[in-house]
Amino acid sequence: MPTSQPYWSAAIRSAVGVGGRQGCNHDNTSPECRRLEEDDDEEEEEEEEELRGAEEKVEMERREEESPHSLIQCPGTNLRTQGATLELLKTCFRRWSYGAHRSPLRRIHSLKHDATKCRQSLRRPLGRPMTACAPEDISSFGRRHTLGKLLLRIPFQHATMVKQPKGPLAWGVANRYVHSPQVSTPSPSTSSSIHHLTSTTRTVTDCISSPNPSTECQPQAVGKKQKVLQNAEAEEGDEVLQEMDEFGNMRFSHSAQPHPTESVSRNPLRTAHVLDHGPLSTDGPLQQLQKEEGHEAARDVAAIDGKDAGREVVGEHEGSSEIFQRRQPRGMPSSLSSRGSRALLPFSPYIEVINRAKKNIWSPSNLLGYFPMGTAESILTFDLVIDKIRKCRNVPRNIGLYDNMCGGERLRCALARMMERTFMGVAVDPAHICISSGVTAVLDLFFFAVCDPGDGCLIPAPYFPAFDNDMSVRNAVVPIPVQPRDIGTYIPTAEDLENAYSLAEEKGVHPRMLLLTNPGNPLGTLYPEETLCELLVWAMEKGLHVLTDEIYANSKFGEHTSRFVSMAKVGNQAVAKGLVREDELKERVHTAYGMSKDFGLSGFRVGCIHTRNQDLLDVWSNLGMFAAVSTDTQHALAEMLEDDEFVKTYVKTNNMRLKNSYDIFTGALRDANVTFMPACAGMFCWVDLRFLLSEPTFPAEEALWKEMVVKAHVVLTPGAACHCVEPGFFRACYATMLPDKLHMACKKLIEFVDSMRLKQQKTSDGKRKASELSQEG
Ligand SMILES: Cc1ncc(COP(=O)(O)O)c(C=O)c1O
């Protein structure tokens, strides 16, 4: 029976009594769910009432519309508005912003209703393509908002540009609104208040002003609705809206290969389109929506521009907000191709923060520095590996010439031998190894060769955040996160894959391949052999390619390391058992490996693929040149890997050091009663901080992440970035620093956790006292 809470945390959580908010569990007949449903009804009535009131007010205002006195001048601008109109918009926003607990159907219905009202009032066919638009014309919030989306469809050719102050949603949306040519056309009397807004707006410089920008509209909450409405409406013209990315940049994403079924990513990391199915059907609709919305909202929060994002969470910590500053779009349509435009900004808002932290690392002489634990990198064996590399630098005379673009013979042989002996457990022919500049390049070439634009790639979640970018930004492959039913272990089953596969097909995305990572990033766990076999057999039946990324295969420690089995070996065993055919294995099962992780040489940019597919090998020899590894680097690595004794001792020492750092980190967590998922591989710890969330949502996760960065200077990776289905989990890479510094990072992290606990305690005490007082009163 699946649970909403991983098995490994239940015992400790109950012992400690720090249970995170669980919201409703899967059983939506629980009293919690019923209560929410009842609240839902009441709220809906209240909102209807509120909207009716606002409409009446607007109607009154309409009667007085001839009077110029009803226009309010916005201080410091040439913008004018009408108070009641403002009220109406605010009411609409509120309706669309809250009620995350509602059932999806009801919400879709309510959104549709509002959307229809807006459209009717605009009295124009929808879906007309947008023409010119000055990016500063709408705030980034407005672009992402549902109402903003409706209004984005209005042509801009007659618009007068008004300098748009950065600020709340209302500004952007309303400004866009009044820039529509429709607004200057008085419409016949109608009870539609939105209609009234258009008819009473006199000039294109009129605008809605929010008296208190910071409190009027909640950008996070607003963002949540976008996907729902998008699904609900799915009609002509929507592709125009998708051209606006979440960074508020003009993008013509996927226009080179438009795919009608691609949805905008719900993940804060992605500019890519991801086919996110969310949790599978064991969830009740309520929980599904909570999760789905969390992703959606997190994306929107992440898309908030740097200053606002910093201010939003940082608040009183003035001066710390630079770390959150986002690179801004240039503010004009790019002259690059649609593909180029897809890659304009870093794929992840977290990456920017992590990179900034890496440039300002904590040390005893830099006490204000950061502890960057968000990059999958290990520095634990610098001493060994760099010493060895230095000794391998005696280059031959012909080193400067072109060589085989799939990798020189010597390195291919050295890699094949090392892989065969250390982790693959099958004979590896160097002719089946192709080398490229990192596993990232391997994946890129693989997606190019195996998938057509718009094809899907199934990936069990949570997964390595950059995969989305790797597959979509250049090759327009659609990531299909597979949410395992068992969110205690996150081990997927063939049934999970089947569900994700069917849903993708329903949405018109044809899955072409399955991407597995073993050992896993972000969990640091291993797939059991039976699971690998089950997934392989299923994928072969479906005619999919299977690429297993085994980049952490030599980073294993602890008692369970012998459980690691390479997919190549599992495949051979499956053939022997008659579960799959040899020819399909040769054609469609591949392994990726690289030097970035186990050997701590991420800067060397060396990765490889093991494949027996002759077509793929041929493609590689043709295209390998685009991402070939320098012969100098190849030479040094070959020398290093040919030294069997070195490799053996190195791998052993590396794993001891990884284990030591893992123990330091998890020991600190244990002491502080923080739960985590036990790991035995990679360099990760999956930390459960759900109990610190102000509410069980992804925006709350984002807020907690930022607060941790600001207060503890510890930079982890939020679970949302890895497509985790439940908010509150964080990935920590404990190998990014040596043990002495790690102790300090742990100290800072735990101090932060304790301070947050204290804050929670104070808040709940305060609430209790207040309710006691009100009862007495
Ligand atoms: C699972 C996985 N695959 C691939 C990569 C990228 O590796 P490379 O540096 O070889 O491009 C990473 C890096 O974090 C990873 O975690």
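The values are calculated or read from the model by the stated rules, or taken from the named source; none is laboratory data. Computed from a predicted model, the values in this text were never measured in an experiment. Here the Cβ positions follow ideal geometry from the backbone for every residue, glycine too, while neighbour counts run over all protein chains shown. To get the accessible areas, we keep the full protein, side chains included, count just its heavy atoms, and leave off ligands, DNA and RNA. Shrake-Rupley method; radii C 1.70, N 1.55, O 1.52, S 1.80 Å.
Details
Yes or no, residue by residue, for (1) outside the structural domain of residue 659 (by TED's automatic domain parsing); (2) closer than 27 Å to residue 558 by Cβ; (3) open to solvent by 30 Å² or more (accessible area, probe 1.4 Å):
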{"residue": "481", "(1), (2), (3)": "yes, no, no"}
{"residue": "494", "(1), (2), (3)": "yes, no, no"}
{"residue": "497", "(1), (2), (3)": "yes, no, no"}
{"residue": "502", "(1), (2), (3)": "yes, no, yes"}
{"residue": "512", "(1), (2), (3)": "yes, no, yes"}
{"residue": "524", "(1), (2), (3)": "yes, yes, no"}
{"residue": "534", "(1), (2), (3)": "yes, yes, yes"}
{"residue": "543", "(1), (2), (3)": "yes, no, yes"}
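- Residue match in region 436-449 (condition: modelled with pLDDT of 95 or more, away from the ligand (no atom under 16 Å from the Cβ) and assigned by TED's automatic domain parsing to the domain that holds residue 609): yes
- Subset of region 648-659 (residues that are in contact with a helix residue (DSSP H, G or I) (Cβ under 9 Å, 6 or more places away or on another chain) and open to solvent by 10 Å² or more (accessible area, probe 1.4 Å)): 648, 649, 651, 653, 655, 657
- Restricted to region 603-628, and to residues there that are surrounded by 18 or more Cβ atoms within 10 Å (Cβ to Cβ) and within 11 Å of the ligand (Cβ to nearest atom), the residue that is nearest to residue 537 (Cα to Cα) is 608.
- Only residues that are under 30 Å from residue 663 (Cα atoms), open to solvent by 30 Å² or more (accessible area, probe 1.4 Å) and either in contact with a strand residue (DSSP E or B) (Cβ under 6 Å, 6 or more places away or on another chain) or of a type outside the set (Val, Ile, Thr) (or both) were counted across region 557-574, and they come to 5.
- Region 660-689, subset farther than 16 Å from residue 717 by Cβ and charged (D, E, K, R), residue surrounded by the most Cβ atoms within 10 Å (Cβ to Cβ): 663
- Selection within region 392-439: residues that are of a type in the set (Asp, Glu) and touching a residue at least 12 places away in the same chain (Cβ under 8 Å). The member of this set that is most open to solvent (accessible area, probe 1.4 Å) is 409.
- Residue tally, condition under 12 Å from residue 637 (Cα atoms) and assigned to a helix (DSSP H, G or I), over region 396-420: 7
- Total residues in region 305-351 satisfying the condition of being modelled with pLDDT of 75 or more, open to solvent by less than 20 Å² (accessible area, probe 1.4 Å) and under 23 Å from residue 468 (Cα atoms): the figure is 7.
- Taking region 356-413 as the range and being away from the ligand (no atom under 16 Å from the Cβ) and of a type in the set (Asp, Glu) as the test, the residues that pass are 383, 387, 403, 409.
- Number of residues in region 474-519 that are within 16 Å of the ligand (Cβ to nearest atom), under 12 Å from residue 274 (Cβ atoms) and in a loop (DSSP other than H, G, I, E, B) equals 1.
- Residue in region 456-468 that is more than 18 Å from the chain's Cα centre (by Cα) and within 15 Å of the ligand (Cβ to nearest atom) present: no
- Test set (1) of a type outside the set (A, V, I, L, M, F, W, C); (2) within 16 Å of the ligand (Cβ to nearest atom); (3) farther than 19 Å from residue 494 by Cα - residue 548 fails condition number: (3)
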